[in-house]
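Participant: Structure provided below as structure tokens; questions to follow.
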Amino acid sequence: MTWIVGMPTPFGAAIAVSDVRVTWGDGSSTDCLRKIHPVHRNMACGFAGSVELGFKLIEDFRKSLSAIPEGNAPLPAVMTWRWWRRARRIFAEAPESARHLGCSLMILGVSPQPGVPWPRSYVATLRAPEFRPEFIGGIGRCASIGSGDGEAEYRRAIEGQNLILLQGAVGHDRPGIGIAQFLASRLNLTVRGHPAIGVSEHLQVTGIDLLGTWSGSLRLGEFGEDGPVYPVVPTIASTYEEFRAIARQRGSEAEAAIAVALKSTSSPPRHPSEGPPNCARRQPRVSHHAPQIAVPAHLGQDPVLDSRFLRRCPERVLRPFVGAHLDADLAAGRVPGPPNGGAAPLPALVLGFRIPE
């Protein structure tokens, strides 16, 4: 079973904490699975529900980010909105046995903000069967996916503005690490105080900032007669192949294993004639002229308002909005210039940003 909690921080890092427990088809459970995985230098994705589907969706998302040119990084909100329909289609086309186990995703990411010293952080949840992204807005707000999201005590531990967690940033060169440790400690104490079937005390911490991805296991010791006693960190599978090996060792079927998500009904399968979503088969041209269109002043400032705006018109408005800033970005050196003054490369402008040297 699963509990994954994510939090965007005001100090340029997106953080998440997850347990490592898996429930097998026979009802038994094992602490053995890493559930949050990097998909790019500045993005990560976690899953709850069917383990097989979770790894398949993460791999598809990782492949979709390969369109970003080398030396660039994706814009998290843009890429999430471009990809979510693929997640919906993959889930709809999966066997009924896999869809019955459910699936939820959590996407983390960061991107720079012009004129602001800290990068902007993003955390979004996507839930089967629709997988429509829901971005977290507000300082200190958290969101969660998995079976732990259905426990009242667990929800109470993360609801509201968790501003006290921001104290963890003090004394860290990478503030997100300290905040993540504070959050993981709170979740560990919550699970110990209110055990739930299938949720493990073993927690893994993952964070994203512009320097890259970092992760580790939380080890909270208890004082005994001979000093502190720390729990033994179990062997963790980071790939589906490693997970299948663990399943074979215990005589279980990996396809029936779940990092349990809340059950959800599946949507009717997509007809093959519909093909891939529009955003995947179009290759729009970037305009070099300012568009005659009203762009909201909040764009790039508030993730909730941004998500509403992009959801209504993710392509028709976003493309000219980015194209309007093309000349200024090229002049300032924020975007690599096209050779011989030709058309600028689409992925570098619409999908990502230049990584500072």
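The values are calculated or read from the model by the stated rules, or taken from the named source; none is laboratory data. This is a predicted model, so every value here is computed, not measured. Ideal geometry is used to build each Cβ from the backbone, glycine not excepted, and the neighbour counts take in all protein chains shown.
Participant: Kindly establish whether residue 139 is in a loop (DSSP other than H, G, I, E, B) and over 20 Å from residue 215 (Cα atoms).
Facilitator: Judged against the criteria, residue 139 is a match.
Participant: Quick one: is residue 87 at pLDDT below 95 and within 25 Å of residue 130 (Cβ to Cβ)?
Facilitator: Judged against the criteria, residue 87 is not a match.
Participant: I'd like the full set of residues that are small (Gly, Ala, Ser), outside any loop (DSSP other than H, G, I, E, B) and buried (at least 21 other Cβ atoms within 10 Å of the Cβ), limited to the range 72-97. Show your work before the answer.
Facilitator: Step one: of the range 72-97, the residues small (Gly, Ala, Ser) are 73, 77, 87, 92, 94, 97.
Those left that are additionally outside any loop (DSSP other than H, G, I, E, B): 73, 77, 87, 92, 97.
Answer for the range 72-97, where residues must be small (Gly, Ala, Ser), outside any loop (DSSP other than H, G, I, E, B) and buried (at least 21 other Cβ atoms within 10 Å of the Cβ): 73, 77, 87.
Participant: Which one is surrounded by the most Cβ atoms within 10 Å (Cβ to Cβ) among residues in the range 195-212 that are assigned to a strand (DSSP E or B) and of a type outside the set (Val, Ile, Thr)?
Facilitator: If we take residues in the range 195-212 being assigned to a strand (DSSP E or B) and of a type outside the set (Val, Ile, Thr), then 207 is surrounded by the most Cβ atoms within 10 Å (Cβ to Cβ).
Participant: Determine if the range 197-207 includes at least one residue that is more than 17 Å from the chain's Cα centre (by Cα) and without any contact (Cβ under 8 Å) to a residue 24 or more places away in the chain.
Facilitator: Looking for residues that are more than 17 Å from the chain's Cα centre (by Cα) and without any contact (Cβ under 8 Å) to a residue 24 or more places away in the chain, one finds none in the range 197-207, hence no.
Participant: Continuing with the same structure: Which of the residues that make up the range 1-41 are in a loop (DSSP other than H, G, I, E, B) and crowded, with 23+ Cβ neighbours inside 10 Å?
Facilitator: 2, 3, 9, 12, 13, 20, 35
Participant: Regarding residue 198, is this residue modelled with pLDDT under 90, in the same structural domain as residue 103 (by TED's automatic domain parsing) and either in contact with a strand residue (DSSP E or B) (Cβ under 7 Å, 6 or more places away or on another chain) or within 23 Å of residue 108 (Cβ to Cβ) (or both)?
Facilitator: Working: modelled with pLDDT under 90: yes; in the same structural domain as residue 103 (by TED's automatic domain parsing): yes; either in contact with a strand residue (DSSP E or B) (Cβ under 7 Å, 6 or more places away or on another chain) or within 23 Å of residue 108 (Cβ to Cβ) (or both): yes.
Criteria met by residue 198.
Participant: How many of the residues making up the range 45-67 are surrounded by fewer than 24 Cβ atoms within 10 Å (Cβ to Cβ) and part of a strand (DSSP E or B)?
Facilitator: Adding up the residues that qualify gives 0.
Participant: Would you be able to say whether some residue in the range 237-251 is modelled with pLDDT of 90 or more, under 17 Å from residue 13 (Cβ atoms) and of a type in the set (A, V, I, L, M, F, W, C)?
Facilitator: no
Participant: Filter the range 50-91 down to residues that are closer than 17 Å to residue 18 by Cβ and more than 15 Å from the chain's Cα centre (by Cα), then give me how many there are.
Facilitator: 3
Participant: Continuing with the same structure: Return the pairs, sorted by first residue and then second, in which the second residue is acidic (Asp, Glu) and part of a loop (DSSP other than H, G, I, E, B), the first residue lies in the range 10-38 and is modelled with pLDDT under 90, the beta carbons are less than 9 Å apart, and the residues are 6+ apart or on different chains.
Facilitator: Every condition considered, the pairs that remain are 24/253; 25/253.
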